Amino acid sequence: MGVKFKSRSSKDSYRGRAAAEVRRVSKYHTHSIPLDMEDIERDYDKPIVEACIAAKTSLIVRVGMLELGAGTGSFRVREMMHRIAYPMGVHVRADVNLTDIEATCTDGVSRITEVVDLPTTGVNTERIWLLEHFADWLSVKCGQAGTYHAMSVVSRELVDNLDEPNVYAAARKAVKEVLAQDQDAAKVFKDAVATAVHNEDEISQNRIDAAAIDTRTAAGLGTVGSTPRPEATPTAAALEDSEDSKAASVSAAYAIENSDSSAAGCAAIGSSATSQGRDSASEQLGSGRPASAQGQAHEKAKSSEGAAPSEQPVSSDGSALVREATDSAKAAFSDEPASSDKSASPKPQARGGITVRQAHERLDLIERRKPLYSPLFSGFASAVACAAFVFLLGGGPYDMAGAFVGAGIGQWVRRQMLGRRINQFFATGVAVIIAALACVGTLRLVGIFDPVALKHDTAYIGAILFVIPGFPLVTGGLDIAKLDFPSGVQRITYAFSIILVATLGGWAVARMVMLNPQGFEPMNLSPLLMAGLRMIAAFCGVWGFSVLFNSPQRMALVAAVIGALTDTMRLEMQDLLHVPPEMAAFLGAFLAGMLATVWRSSVRHGLLPPHLGYPRISLTVPSIVIMVPGLYMYRAMFYLGQFNTLNALDWAFRAFMVIICLPIGLVTARVLTDRSWRYDV
């Protein structure tokens, strides 16, 4: 039964009341427990480690929700939640699906369970990367070591300056400054140690000479200069002082050259400056204790100096230089600003790090970050990616031109619709239809001048490949490999639903304009030229898909290099060695996983700049998305629409075999390089 309106004003009034009712109801239709709950607000300005379990859980679950909304797999969401919970002293157990999380957290005293759900899902590799830095930033602020990145200064600069427009440039500048300070501090340390060793040798020799003079005087032999000195042994105290001073200097030099961090080296040198602190410094270097433990040992050494100064003869020259170098290095590498007042009380953050409010403010900046690229640039990236995709499938210049125009317009339309929160499936269907029609229209327009363009009916398939959900396809396979079947099945179901909508849209266009795609015409290029062009096309294609995934430019370029190598190898193996497409896809994905691991390890070991430590999933998935057999899947739907069941099943099973081989290749690489994947724990 409908509602009748007597006038326009009454109709508008009804709409206004309905809108107000929707707003009133939607206030309570939240996707997580609101942050203005009484138990959370009570501890909102407390240090995190002192907050109640509800406040801690609000951080843990919110990070998991942001990670899940960025499109990553459930295994990574649980890992990130664990990384956030560990420095707070909280244990977390979470069930993660495609759009919801149920997490139970306990601190040993209280227990709380929270359920959150997302209205939709998507892909945002920049957010995945920033959340890694947030986890390290939070861990360091809570007094723990970072887990994802080797240099905490990168995470500190990124997270602290998220509200700046050029945050990445600021982080790179900070890293360069720290590295320069590291080199300068190391030079100062070495000079100070060399001076200390030289001065200690001179002082020790003077003590030996004085002891010899005393011995000769007591024996009635005269002065040292009057008669040849006998081969007498110096006193035990003099030798002990000399050996202790040399050992302290050698221990300091060893700390400079071999400590994992500058702070550890500073603490080792500071505790090695006296004979009393030499043993504690050696124990620190041997046991590999963290910098905080070394700093405590240094404080103990200083207190022992003040308690018994007469028992610790220290050189006024060499040890002073070592102390001065230690203090300057500590000031250079400390996260806190330098203070000249040594007796000042520590800041409130020193006990519990940051407050709950400050952590949520950082998460607000991550959650509200706008996409890195405008809809227009995103459309351009889509056009480049699909044109490259068409070339790798065997298309020529006309096919690439049609796919370029169609994919660019289609992605621009999709971004505009998703920006207005239009349903994903509806937005995908509309974007695919518009992209296919734009591609066909472009080729028909070119056909007026060159009739050859009218024969390229297959090009419109490449124009719709920008909607292929490569991320959920791959992460679904990875979740199943980790025995997380609910999440894996949901992701794969979601991916195939998007593919179904896309292929149905393409099939509908083909029926409307009477297309009959039969494949691309062979180009008959030399093998060497074809390999070079394939490498360029793969590079451009992976770069375009990385931009669609909201990757920063440097991350996109690294993924493009990996994709250029792996996809070219895959295609060349199929052509030259006649390797089956399924095996070639497995080997290509495996090589992509290994290259991403090598890149990440090189950053952690200092072979590459520390600000280039990107998540593996942000490099591997874009590099293998271009291997997804979109042409196979569309042909299966095309023949199914014609009720040609045998051909439809044939192409469907070909696509299925290639698709499952892609995550298997990544899983194999991960098992070989990651203990957490190699063993069931």
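Structure values in brief
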| item | result |
| --- | --- |
| ARG368 being out of contact with any helix residue (DSSP H, G or I) (no Cβ under 9 Å at 6 or more places or on another chain) and at positive phi | no |
| In the range 13-41, residue modelled with the highest pLDDT [restricted to those that are part of a helix (DSSP H, G or I) and under 11 Å from ARG357 (Cα atoms)] | GLU41 |
| Some residue of the range 647-659 being modelled with pLDDT of 90 or more, outside the structural domain of TRP129 (by TED's automatic domain parsing), surrounded by 23 or more Cβ atoms within 10 Å (Cβ to Cβ) and over 21 Å from the mean Cα position of the chain (by Cα) | yes |
| ALA589 being among the small types (Gly, Ala, Ser), at pLDDT below 95 and more than 30 Å from ALA169 (Cα to Cα) | no |
| Flag for LEU483 being of a type outside the set (Ser, Thr, Tyr), out of contact with any helix residue (DSSP H, G or I) (no Cβ under 9 Å at 6 or more places or on another chain), assigned by TED's automatic domain parsing to the domain that holds VAL390 and surrounded by fewer than 20 Cβ atoms within 10 Å (Cβ to Cβ) | yes |
| Matching residues in the range 154-168 - criterion: being surrounded by fewer than 20 Cβ atoms within 10 Å (Cβ to Cβ), in contact (Cβ under 8 Å) with a residue 60 or more places away in the chain and of a type in the set (A, V, I, L, M, F, W, C) | LEU162 |
| Options ASP117, ASP95, ASP107, ASP136; residue that is surrounded by 24 or more Cβ atoms within 10 Å (Cβ to Cβ) and charged (D, E, K, R) | ASP136 |
| Any chance ARG616 is at pLDDT below 95 and either farther than 18 Å from PRO663 by Cα or buried (at least 24 other Cβ atoms within 10 Å of the Cβ) (or both) | no |
| Top-ranked residue of the range 613-642 - restricted to ones that are within 17 Å of ALA502 (Cα to Cα) and of a type in the set (Gly, Ala, Ser), ranked as nearest to the chain's Cα centre (by Cα) | GLY630 |
| Subset of the range 75-98 (residues that are free of Cβ contacts under 8 Å to residues at least 40 places away in the same chain and either outside any helix (DSSP H, G or I) or of a type in the set (A, V, I, L, M, F, W, C) (or both)) | VAL77, MET81, ALA85, VAL90, HIS91, VAL92, ARG93, ALA94 |
| Of all residues in the range 136-173 being touching a Gly at 6+ places or on another chain (Cβ under 6 Å) and among the hydroxyl-bearing types (Ser, Thr, Tyr), the one that is modelled with the highest pLDDT | SER139 |
| Subset of the range 420-441 [closer than 22 Å to VAL547 by Cβ, in contact with a helix residue (DSSP H, G or I) (Cβ under 6 Å, 6 or more places away or on another chain) and not hydrophobic (A, V, I, L, M, F, W, C)] | THR428 |
| Every residue from the range 417-467 that is surrounded by 15 or more Cβ atoms within 10 Å (Cβ to Cβ), at pLDDT below 90 and part of a loop (DSSP other than H, G, I, E, B) | HIS456, ASP457, THR458 |
| Hey, GLU582 buried (at least 16 other Cβ atoms within 10 Å of the Cβ), assigned by TED's automatic domain parsing to the domain that holds PHE425, farther than 30 Å from LEU612 by Cα and of a type in the set (D, E, K, R) or not | yes |
| Search result, residues across the range 362-399 that are without any contact (Cβ under 8 Å) to a residue 60 or more places away in the chain, assigned to a helix (DSSP H, G or I) and assigned by TED's automatic domain parsing to the domain that holds ILE626 | PRO375, LEU376, GLY379, PHE380, PRO397 |
| Residue, surrounded by the fewest Cβ atoms within 10 Å (Cβ to Cβ), within the range 585-613, restricted to residues that are of a type in the set (Phe, Trp, Tyr) and over 30 Å from LYS176 (Cβ atoms) | PHE590 |
| Matching residues in the range 433-481 - criterion: being in contact (Cβ under 8 Å) with a residue 12 or more places away in the chain and aromatic (Phe, Trp, Tyr) | TYR460, PHE466, PHE471 |
| Residues of the range 152-169 classified as part of a loop (DSSP other than H, G, I, E, B) and either within 17 Å of GLN553 (Cα to Cα) or under 16 Å from the mean Cα position of the chain (by Cα) (or both), total | 3 |
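The values are calculated or read from the model by the stated rules, or taken from the named source; none is laboratory data. From a predicted model like this one, the values you see are computed outputs, not experimental measurements. Every residue, glycine as well, gets a Cβ built from its backbone with ideal geometry; the counts of neighbours run over all protein chains shown.
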